[in-house]
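Below you'll find the structure, written out as structure tokens, and then a few comments.
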Amino acid sequence: MKTLLTGLALVVLAWAAPAAAVAPAPELYTQHCLSCHGAGRLGGMGPALLPESLERLKRKDAVATIRDGRAATQMPAFGTVLSADEIEALADWIQSPASPAPAWSEADIRASRLEPYPPGSLPDSRQGEVAKADPMNLFIVVEAGDHHVSVLDGDRMERIFRFPSRYALHGGPKFTPDGRYVYFASRDGWVSKFDIWNLKVVAEVRAGLNTRNTAVSSDGRYVAVANYLPGNLAIFDADLRLIKLIDGRNLKGDARSRLSAVYDAAPRKSFIIGLKDLPEIWEVSYDPAAQPIHDGYVHDYKMGEAIATPGFLNPRRTQLDEVLDDFFFTQDYTHVVGASREGRGQVINLDVRQAITRLDLPGMPHLGSGISWLRDGHRVVASTNLKDARVSVIDLQDWRTVATIPTLGPGFFLRSHENSPYAWVDSMMSPTARDTLQVIDKQTLEVVARVRPEPGKTFAHVEFDRHGRYLIASLMEKDGALLFLDARTFQEIKRLPASKPIGKYNLYNKIQRSEGTSH
Ligand code: DHE
């Protein structure tokens with residue numbers, strides 16, 4: 001009887017014990033996260049923690065990051081400081097909309113600007129290791145594993161410099177025409193201007209809270225940044241001083257859009273801008289002689305001298321019948337070959353400002369990584385597919401699909417060079433074939449080789465050297481590598497260790513707008 005009573009008492013005691021209190025997530029944030037991730041979750045030393053910034057992070061990974069921290073970063077482990085319930089509460093909270101809604105005004109942009117090396121403070125000639133290299137055969141490499149950028153001497157196949165970048169750079173870095181400066185955009189909106197001749201970050205600005213990419217005008221005078229949050233296009237001068245913000249609104253001003261990307265259309269002296277939520281494509285001229293445009297739009301951002309010439313730095317809109325946000329441009333930039341979110345393709349003529357034909361492209365073409373070349377006297381464009389194991393090849397004269405090349409899996413990037421008979425495609429969207437690059441003969445349109453250096457490890461994104469003699473491909477792993485492959489024999493020549501190298505960018509190919517790479 002005594003034992004039974006004791007047992008009952010224990011049960012009652014256990015039932016009555018209060019559950020450990022879970023502090024509200026906003027309080028936990030203020031106490032543990034704010035010093036690095038910033039007020040309003042807008043980011044600071046650490047990245048922004050807004051749903052828009054965390055779209056790519058699965059909830060279970062957010063929980064694991066808070067609990068275990070992140071190796072090789074400043075993010076500590078909170079597993080011993082916070083309870084499991086508190087960690088769950090924080091993970092939920094950072095993935096819910098911030099209140100008040102995050103804002104990033106002109107004043108915020110201007111106040112964020114940093115200029116460690118003002119114009120004129122560094123030598124106007126190439127210094128140190130850069131002076132010894134062919135300046136046009138340098139490569140810039142974005143290493144996402146530990147958020148660094150490397151500079152490679154393409155002739156010696158050596159890394160000559162490595163520096164920490166902003167958190168999560170994305171998209172192609174963009175070069176000035178003389179090859180001295182390169183601009184990087186981070187997903188959190190930071191744009192950094194790097195002086196390649198002096199190996200120094202010379203200016204930075206936070207252009208938005210969630211940024212897609214950046215473009216540099218072909219005269220090197222303007223830098224345009226496409227933002228998701230807030231949905232706008234920010235235009236800067238070459239030293240990253242804000243000139244103008246163009247809001248992602250339609251003509252009537254009653255609908256808004258995020259901007260999906262901005263590209264430089266050098267032959268047109270303009271930027272072309274894709275909209276994520278509106279069926280429009282914009283062209284913003286940076287030619288001071290641009291004709292006035294009377295589109296009825298209220299241009300309410302009247303800053304600086306940019307509006308002195310109407311039409312100049314103001315959007316010219318082409319209305320579409322559906323939203324397009326992934327593009328390939330013909331070499332003269334007259335035509336945009338675009339795909340909708342559902343993968344439907346169409347061709348838009350930027351001069352007549354309308355769609356001229358639809359494309360027969362199944363699956364989800366990734367036209368943004370399209371490349372072109374001459375085949376039997378016809379210029380063709382090839383595109384990978386994000387859903388299907390195929391590369392589509394389209395004739396740019398009659399817009400017919402001339403071939404569908406079967407691949408091992410859905411691919412992301414396609415690359416070649418004027419001096420190479422081959423195009424290289426990955427299958428990085430495939431769980432089983434992401435470790436293999438395939439080599440396509442540009443004339444027969446057949447896969448002629450497969451390169452699989454490390455089974456099971458993601459192997460993707462290729463960039464040729466300026467002469468087309470070799471190419472560099474990424475082993476996209478935390479302890480990854482840059483593999484130098486002979487362009488004719490496909491054999492490995494050399495390997496450099498790298499921390500999840502993503503994109504590689506050859507100065508010459510980018511500045512000359514090689515037909516085999518993106519620009
Ligand atoms: Fe990218 C370029 C959009 C996911 C690596 N990516 C681009 C560009 C756009 C874009 C619009 C062109 C920018 C330019 O040239 O200035 N990317 C998107 C997406 O919408 C998508 C599918 C989803 C997203 O989260 O944004 C996406 N991209 C990725 C990745 O997951 C990749 C593989 C790894 C990463 O860094 O996030 C990735 N994107 C890249 C790279 C380029 C790029 C390496 C530049 C390619 C080049 O050679 O120029």
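A short reminder: the numbers here are calculations on the coordinates, not readings from a lab. Everything numeric here is computed off the predicted structure, so don't read it as measured data. Don't worry about glycine lacking a Cβ; one is built from the backbone with ideal geometry, like all the others, and counts go over all protein chains shown.
Quick notes on this structure:
- The loop-placed trypsin sites (Lys or Arg not before Pro) in the stretch 230-262, going by DSSP, that have at most 13 neighbouring Cβ atoms within 10 Å of their Cβ come out as Lys252.
- Label-point separation, Glu342 to Asp239 (7 Å along Cα→Cβ), nm: 5.0
- The H on the amide N of Val202, modeled in the peptide plane, is under 5 Å from the matching H of Lys193, Phe194, Asp195, each at least 5 residues off or on a different chain.
- Each part reduced to its alpha carbon centroid, the stretch 250-289 and the stretch 61-76 end up 38 Å apart.
- For the stretch 28-37, putting each phi into the Karplus relation 6.51 cos²θ - 1.76 cosθ + 1.60 with θ = phi - 60° gives couplings of 4, 4, 4, 6, 10, 10, 4, 4, 9, 9 Hz, in residue order, rounded to whole numbers and with x for Gly and Pro.
- Spatial separation of Cα centroids for the stretch 213-236 and the stretch 418-467, in angstrom: 31
- Label-to-label distance, Ala255 versus Lys60, with points set 7 angstrom from Cα along the beta-carbon direction: 3.8 nm.
- Angle between the chain longest axis and helix 84-94 axis [Cα atoms, degrees, rounded to 10]: 40
- Amide proton proximity set for Asp155, modelled H, under 5 Å, gap of 5+: Asp134
- Cα-based helix-to-principal-axis angle, 2-16 vs the chain, degrees rounded to 10: 40
- Distance between modelled label sites at Arg379 and Thr30, nm, 7 Å Cα→Cβ extension: 6.0
- Calculated from backbone phi, Karplus (6.51, -1.76, 1.60) coupling profile of the stretch 184-195 in Hz, x at Gly/Pro: 10, 10, 9, 4, 7, x, 7, 10, 10, 9, 10, 8
- Pairs with C-alpha atoms separated by more than 25 Å, drawn from the list Lys58/Lys387; Lys193/Lys252; Lys58/Lys276; Lys132/Lys504; Lys174/Lys387; Lys58/Lys244, are Lys193/Lys252; Lys174/Lys387; Lys58/Lys244.
- Residue-span extension gain [Met136 to Thr357] - 0.36 nm each, minus C-alpha spacing: 75.7 nm
- In the chain, taking the dipole from charged Cβ atoms about the Cα centre, the farthest positive-side position among Gln31, Ile246, His519 is held by Gln31.
- Taking a ≥ b ≥ c as the square roots of the eigenvalues of the Cα gyration tensor, an a/c ratio below 1.5 marks the stretch 22-94 as rounded.
- Inter-part distance where the stretch 158-203 and the stretch 503-519 are each reduced to a Cα centre, Å: 15
- Global geometry of the stretch 381-451, whether rounded, prolate or oblate, following the gyration tensor of its Cα atoms and the 1.5 cut on a/c: oblate
- Each residue of the stretch 421-431 was assigned a 3J(HN,Hα) from its phi angle through the Karplus curve 6.51 cos²θ - 1.76 cosθ + 1.60 (θ = phi - 60°); the sequence is x, 10, 10, 10, 9, 9, 10, 5, 8, 9, x Hz, with glycine and proline shown as x.
- Less than 5 angstrom separates the built amide H of Ile493 from those of Phe484, Leu485, Asp486, all sequence-distant by 5 or more or on a different chain.
- Length released on extending from Ala39 to Asp155, taking residue separation times 0.36 nm less the Cα-Cα span: 37.1 nm
- On Cα atoms only, tilt of 59-68 relative to the major axis of the chain in degrees: 70
- Förster radius 45 Å - calculated FRET efficiency between His170 and Val448, Cβ distance, rounded to 0.05: 0.90
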